[in-house]
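Everything below concerns the one structure shown next.
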Amino acid sequence: MLEILSFTLGPASTNAYLIADPETKEAAVIDPSWDGHLILAEANKRGWRIGHLWYTHAHFDHIGGAAAIADALNPLPHVALHPDDHVLWRAGGGGAVFGFDIDPGPEPTIDFVHGMKLKLGSNEFEVRYTPGHTKGHCVLYCASANLCFCGDLIFNGSVGRTDLPGGDWDTLEKSIREQIYAMPDDTVLLSGHGPQTTVGNEKRNNPFVGG
């Protein structure tokens, strides 16, 4: 069983996801976007232990709350990021360009690899490498729960921008077609910004990358 709490936080209204196996109380934060203390408070309220920070990519608005979460935890959480985004992470997620100087928190200790399996209690997540928005962007697919945390790859009726360093339109489109549109149509997509959608809805209606 998987429980999910979503938060829309920070200057870019970025979605952060606190997920947990309620039986084991093991929890992870996918893209701790901002205001880490708010995410921590919800975990503590439920008796969940945050042991993992999983980043779809390293833009500042997806890691801005990591330091506050990690500072309150002992031992430190395991931090996972694709190695192609480590340079971006070290640069504070590119926040300086937008006037934000963030503490990126603890160094990533786990390198995402395409096809890697992650466990959270009884739940299993498959890492899919999906560059295009950034060089190291990944999505996290949980087949048993029929959902995918897709970061800034694809949104409800839109797609991730490709005009920032490391972005590339052709690569983004390829990632969507090969890694998202290959999932069952009823797969729920939980994006980095905006409301949730489904694979089928985007294949039919996305004006940027149709099915």
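Every number in this text was worked out from the coordinates using simple rules, so none of it is lab data. Values in this document were obtained by computation on a predicted structure and should not be read as measured data. In this analysis, Cβ positions are derived from the backbone assuming ideal geometry, glycine residues included, and neighbour counts consider all displayed protein chains.
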Q | Structure-derived mean projected area of the Cα convex hull in nm² - corresponding label in (1) 12.3; (2) 10.1; (3) 13.1 | A | (2)
(Q) Give me, ordered by chain and number, the residues 5 or more places off residue 152 or on other chains with an amide H under 5 Å from its own placed amide H. (A) 192
Q. Taking Cα centroids, how far is region 4-75 from region 144-211 in Å?
A. 22 Å
Q | Distance histogram for region 86-136 (every C-alpha pair counted, 5 angstrom bins, percent rounded to whole numbers) | A | 5, 16, 18, 20, 19, 13, 7, 2, 0
Q: Report, in cubic angstrom per residue, the convex hull volume of the C-alpha atoms of region 13-79.
A: 75 Å³
Q.
Nearest 500 deg cm²/dmol is fine: what mean residue ellipticity at 222 nm does the chain get from its DSSP H runs of n ≥ 4 alone, each adding -39,500 (n - 2.57), divided by its residue count?
A. -4500 deg cm²/dmol
Q: Would you tally the net charge around residue 209, using a Cβ to Cβ cut-off of less than 10 Å, leaving residue 209 out, and scoring K and R as +1, D and E as -1?
A: +1
**Q.** Span per principal axis, largest first, for the Cα atoms of region 14-130 (Å)
**A.** 42, 32, 24
(Q) Explain nothing, just the number: relative contact order of the chain, from Cα pairs under 8 Å at least 6 residues apart, as a whole percent. (A) 16 percent
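What does the charge dipole of region 3-205 about its Cα centre add up to, to the nearest 20 debye, if the Cβ of each Lys and Arg holds +1 and the Cβ of each Asp and Glu holds -1? Show your work: numbers first, answer last.
Working: 14 positive and 26 negative charges, 48 e Å.
Roughly 240 debye, rounded to the nearest 20.
Anything over 21 Å Cα to Cα? Flag those among 119/174; 117/203; 25/119, in the order listed. Spell out each step's value before the answer.
On the way: 119/174 27 Å; 117/203 26 Å; 25/119 13 Å.
Checking Cα-Cα distances, 119/174; 117/203 exceed 21 Å.
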(Q) Out of all DSSP beta bridges in the chain, what portion is antiparallel? Express it as a percent rounded to 5. (A) 65 percent
